[in-house]
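The values are calculated or read from the model by the stated rules, or taken from the named source; none is laboratory data. Remember, predicted model here, so these are calculated numbers, not experimental data. Cβ sites come from the backbone with ideal geometry, for glycine too, and all protein chains shown count toward neighbours. Calculation scope for accessible area: heavy atoms of the full protein, side chains included, ligands and nucleic acids excluded. Shrake-Rupley method; radii C 1.70, N 1.55, O 1.52, S 1.80 Å.
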Amino acid sequence: MVKLIGFKKVNTAVFISGAGSNLRSLIKFSLLKKSPIKINFIVSSKIKAKGLEYAKLHKIKKKTYNFKNISFSEKVLLKELEISKINLICLAGFMIILSKNFIKKFNGKILNIHPSLLPKYKGLNTHERVINNREKFSGCTVHYVNSQLDAGKIIMQKKVKVSKKENPQSLKEKILKQEHQIYPKAISKALTSL
Ligand code: GAR
């Protein structure tokens with residue numbers, strides 16, 4: 001858990017790999033006067049991640065790591081996080097599995113958003129699997145990151161209805177809209193629920 005000290009905003013890093021629509025919503029949230037976070041650092045696992053454009057637009061420090069040599073990338077990254085005095089990490093479409101060692105160093109201070117109603121549909125291709133299984137509902141979950149994939153303590157969830165004519169793309173878009181709503185709320189909850 002993360003302690004909110006006084007009214008000082010918590011220095012936050014957002015990790016991305018792709019489009020960055022959650023990053024965009026988190027930046028918008030961080031710019032509110034009453035927001036508990038300040039986004040100081042954006043980390044990408046892909047040099048061409050579209051989401052990096054938001055770093056440029058908002059003049060936020062950004063770095064890309066390829067994570068091919070995970071222990072080397074994490075070592076360099078940990079140093080950068082220390083330099084930027086980061087106290088909270090928000091994974092937002094970050095497609096790399098962080099090592100146990102890294103997670104331990106930020107114990108209770110890493111959050112993730114996942115596009116399913118965890119504990120159902122951990123891992124990849126959630127929307128395809130939900131549709132193939134003819135689920136009536138799906139949704140999204142914000143949770144703490146622990147050393148097991150998509151299994152940390154749940155902070156907040158939002159359910160959506162899967163319509164009869166749903167396809168993976170339409171379900172993805174429907175759920176993303178909800179993700180943009182709940183991630184900021186879940187961050188506020190995590191930072192105050194002590
Ligand atoms: C989001 O749907 C997020 O929940 C998912 O990737 C998408 C990223 O979209 N994350 C995972 O699947 C993590 N396992 P974005 O780049 O537009 O925020």
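Looking only at the range 75-111, which residues are open to solvent by less than 20 Å² (accessible area, probe 1.4 Å) and outside any loop (DSSP other than H, G, I, E, B)? Those that are open to solvent by less than 20 Å² (accessible area, probe 1.4 Å) and outside any loop (DSSP other than H, G, I, E, B): Leu77, Leu81, Leu88, Ile89, Cys90, Leu91, Phe102, Ile103, Ile110, Leu111. Just for the range 165-180: of the residues that are touching a strand residue (DSSP E or B) at 6+ places or on another chain (Cβ under 7 Å) and open to solvent by 10 Å² or more (accessible area, probe 1.4 Å), which one is nearest to Tyr144 (Cα to Cα)? Step by step, filter the range 165-180, then rank; the result is Glu179. For the condition near the ligand (Cβ under 9 Å from one of its atoms) and more than 22 Å from Lys50 (Cα to Cα), Ser84 does not qualify.
Look through Lys50, Lys59 and report the one residue that is surrounded by fewer than 21 Cβ atoms within 10 Å (Cβ to Cβ), in contact (Cβ under 8 Å) with a residue 24 or more places away in the chain and part of a loop (DSSP other than H, G, I, E, B).
Checking each option against the conditions leaves just Lys50.
Looking at the range 78-117, which of its residues are aromatic (Phe, Trp, Tyr) and touching a helix residue (DSSP H, G or I) at 6+ places or on another chain (Cβ under 6 Å)? Answer for the range 78-117, where residues must be aromatic (Phe, Trp, Tyr) and touching a helix residue (DSSP H, G or I) at 6+ places or on another chain (Cβ under 6 Å): just Phe102.
Scan Ile110, Ile187 and give me the residue that is away from the ligand (no atom under 14 Å from the Cβ) and either in contact with a His (Cβ under 9 Å, 6 or more places away or on another chain) or at pLDDT 95 or above (or both). Result of the check over Ile110, Ile187: Ile187. Looking only at the range 126-143, residues that are within 14 Å of the ligand (Cβ to nearest atom) and either touching a residue at least 40 places away in the same chain (Cβ under 8 Å) or open to solvent by less than 40 Å² (accessible area, probe 1.4 Å) (or both) come to 10 in all. Among all positions in the range 36-47, there is at least one residue which is open to solvent by 60 Å² or more (accessible area, probe 1.4 Å) and within 12 Å of the ligand (Cβ to nearest atom).
Could you tell me whether any residue of the range 63-74 is surrounded by 13 or more Cβ atoms within 10 Å (Cβ to Cβ), among the hydroxyl-bearing types (Ser, Thr, Tyr), modelled with pLDDT of 95 or more and in a loop (DSSP other than H, G, I, E, B)? So far as the range 63-74 goes, yes, one or more of its residues are surrounded by 13 or more Cβ atoms within 10 Å (Cβ to Cβ), among the hydroxyl-bearing types (Ser, Thr, Tyr), modelled with pLDDT of 95 or more and in a loop (DSSP other than H, G, I, E, B).
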